[in-house]
Amino acid sequence: MREGKRLLSPSQVAQTAGVAISTLHFYEREGLITAERNAGNQRRYRSDVLRRVAVIRIAQQVGIPLKDIAERLAQLPTDRAPNAREWAQLSGQWRTQLDSRIESLLLLRDSLSACIDCGCLSLKECPLRQPQGG
Ligand code: FES
C-alpha cells in the first residue's frame with residue numbers, strides 16, 4: 001500500500017507520533033494537517049500525516065513559530081509527506097533562522113552582562129532599555 005493511502009484514527013496517529021490527540025486537533029485547526037471523515041463522521045488521517053507531524057514537532061523544538069511552519073508546509077504538496085529533498089530545504093531554512101536567533105541571543109547576553117555590573121537602568125544608556133533591546 002502506498003504511503004498516505006492508509007487511513008489512521010487520531011489515537012493511532014497520536015500514539016505513533018508521540019503527541020496528544022488534542023495536539024492533532026490543534027494542528028488541524030491551524031491548517032498544518034488535514035483529516036478526512038469516515039462514514040461515521042470520525043476523523044481519519046492519511047498515514048503521510050506522520051511525517052508531517054514529525055516535521056512540525058522538530059520545527060517547534062527548534063523554536064520556529066507555528067505561523068512560519070504553516071507557511072512553509074503550505075508550499076508543499078498536500079497529497080503526500082515532505083520528501084527528503086523538501087525536508088532538506090525546510091531544515092536548511094530553519095537552520096538559518098536558528099543561527100540568526102542565536103546571534104541575537106548572544107548580543108542580548110553580552111548586553112545583559114554589562115547591566116549586571118551597572119544597575120543604572122537608564123533609558124539613554126542601557127542597551128536593554130532601547131527599543132530593539134540592545
Ligand atoms: S543597567 Fe546600566 S547599562 Fe544596563
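Just so you know, all these numbers are worked out from the coordinates, no wet-lab data involved. Note that the structure is a prediction, hence the values are computed from the model and not measured. Using ideal geometry, Cβ is built from the backbone for each residue, glycine included, and neighbour counts are taken over all protein chains shown.
Using a Gaussian network model on the chain with a 10 Å cutoff between Cα atoms, which of D68, D110, D48 fluctuates the most?
Top of the fluctuation ranking is D110.
Please work out how much length the chain gains when fully extended from E71 to E28, using 0.36 nm per residue of separation minus the C-alpha to C-alpha distance, in nm with one decimal.
My answer for the length gained is 14.1 nm.
Give me the number: length gained by fully extending Q60 to D117, i.e. 0.36 nm times residue separation minus the C-alpha to C-alpha distance, one decimal in nm.
Taking 0.36 nm per residue and subtracting the Cα distance, the gain is 17.0 nm.
As an exercise, use a Förster radius of 35 Å and the Cβ-Cβ distance of S91 and I21 to find the FRET efficiency, rounded to the nearest 0.05.
The formula returns an efficiency of 0.85 here.
Quick check for me: using +1 on Lys/Arg Cβ and -1 on Asp/Glu Cβ, what's the dipole size of the chain about its Cα centre, in debye to the nearest 20?
680
Given labels modelled 7 Å from the Cα in the Cβ direction, how far is it in nm from L7 to R80?
Label-label distance for L7 and R80, simple model: 2.2 nm.
Counting only C-alpha contacts under 8 Å and six or more residues apart, can you give the relative contact order of the chain as a whole percent?
20
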